[in-house]
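As structure tokens, the structure follows; a few thoughts come after it.
The values are calculated or read from the model by the stated rules, or taken from the named source; none is laboratory data. What you are looking at is a predicted structure, and each value in this text was computed from that prediction instead of being measured. No Cβ is skipped: glycine too gets one built from the backbone with ideal geometry, and neighbour counts run over all protein chains shown. All accessible areas refer to the heavy atoms of the entire protein, side chains included, with ligands and DNA or RNA removed. Shrake-Rupley method; radii C 1.70, N 1.55, O 1.52, S 1.80 Å.
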Amino acid sequence: MSNRPTKILYTAEATADGGRAGRVRSTDGAVDLKLAPPVEMGGDGAGSNPEQLFAAGYGACFHSALGVVARRARVDVEGSTVTAKVGIGPTGSGGYGLAVELLVALPGVAPEAARELVEQAHQVCPYSNATRGNIDVTLTLV
């Protein structure tokens, strides 16, 4: 089964210049950020970075997917949160790779039901579908 959209509903557009030590702007002006490498990667950390932006996008998208599957299952996930951790490091082949951990809090949902919802969300989330087979994604209930 393909994960390709049958119809594009929305297209986000952003332009980056200067790489990790530059700036990124969306065409609608909603995003306009200075970028800076984190201290851990030799930068001054005086700006956002691609990993933070990816974590924000993945966390928000996964939380929406969680809401969709919860509504389908008629489960109340009020007060739930998703924290995305995006790590970057050398791959050993001269390049760099990413690893993601999604920490999902589902207060008031029984552990087995929570695990099932998280697994279902992982199947429908566009970010999960885009990364599947490409990077390690760990799902953790907290």
In the stretch 13-27, anything touching a Lys or Arg at 6+ places or on another chain (Cβ under 8 Å) and farther than 12 Å from residue 48 by Cα is listed as 14, 15, 16, 17
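Would you kindly identify the strands (runs of 3 or more DSSP E) lying entirely within the stretch 28-142 that contain at least 2 residues that are among the hydrophobic types (A, V, I, L, M, F, W, C) and in contact with a Lys or Arg (Cβ under 9 Å, 6 or more places away or on another chain)? Break it down stepwise before answering.
Values: elements: 32-34, 81-90, 96-105, 136-141.
Per the criteria, 96-105, 136-141.
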For residue 108, the lone unmet condition from (1) touching a helix residue (DSSP H, G or I) at 6+ places or on another chain (Cβ under 6 Å); (2) modelled with pLDDT under 95 is (1)
Note on residue 58: of the conditions (1) within 17 Å of the chain's Cα centre (by Cα); (2) exposed (fewer than 13 other Cβ atoms within 10 Å of the Cβ); (3) in contact (Cβ under 8 Å) with a residue 24 or more places away in the chain, unmet is (2)
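Which members of the stretch 94-127 meet the condition of being in contact with a Cys (Cβ under 8 Å, 6 or more places away or on another chain) and either among the aromatic types (Phe, Trp, Tyr) or open to solvent by less than 60 Å² (accessible area, probe 1.4 Å) (or both)?
Step one: list which residues in the stretch 94-127 are in contact with a Cys (Cβ under 8 Å, 6 or more places away or on another chain), which gives 125-127.
Once the filter is applied, which keeps residues that are in contact with a Cys (Cβ under 8 Å, 6 or more places away or on another chain) and either among the aromatic types (Phe, Trp, Tyr) or open to solvent by less than 60 Å² (accessible area, probe 1.4 Å) (or both), the stretch 94-127 yields 125, 127.
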Restricting the stretch 1-22 to residues that are touching a Ser or Thr at 6+ places or on another chain (Cβ under 9 Å) and open to solvent by less than 90 Å² (accessible area, probe 1.4 Å), the one farthest from residue 44 (Cα to Cα) turns out to be 12
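In the list 89, 97, which residue meets the criterion of being under 30 Å from residue 9 (Cα atoms), touching a strand residue (DSSP E or B) at 6+ places or on another chain (Cβ under 8 Å) and without any contact (Cβ under 8 Å) to a residue 40 or more places away in the chain? Let's see the steps before the verdict.
On the way: 89 fails: under 30 Å from residue 9 (Cα atoms).
None of the others qualify; the one that does is 97.
Can you find a residue that is within 19 Å of residue 138 (Cβ to Cβ), free of Cβ contacts under 8 Å to residues at least 24 places away in the same chain, open to solvent by 60 Å² or more (accessible area, probe 1.4 Å) and touching a strand residue (DSSP E or B) at 6+ places or on another chain (Cβ under 9 Å) anywhere in the stretch 34-53?
Taking the stretch 34-53 as the starting set, the residues that turn out to be within 19 Å of residue 138 (Cβ to Cβ) are 51-52.
From the residues that got through so far, the ones that are free of Cβ contacts under 8 Å to residues at least 24 places away in the same chain too are none.
No, the conditions are met nowhere in the stretch 34-53.
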Of those in the stretch 76-93 that are surrounded by fewer than 19 Cβ atoms within 10 Å (Cβ to Cβ) and not small (Gly, Ala, Ser), the residue farthest from the chain's Cα centre (by Cα) is 76
Among (1) touching a residue at least 60 places away in the same chain (Cβ under 8 Å); (2) touching an Asp or Glu at 6+ places or on another chain (Cβ under 7 Å); (3) not charged (D, E, K, R), residue 126 falls short only on (2)
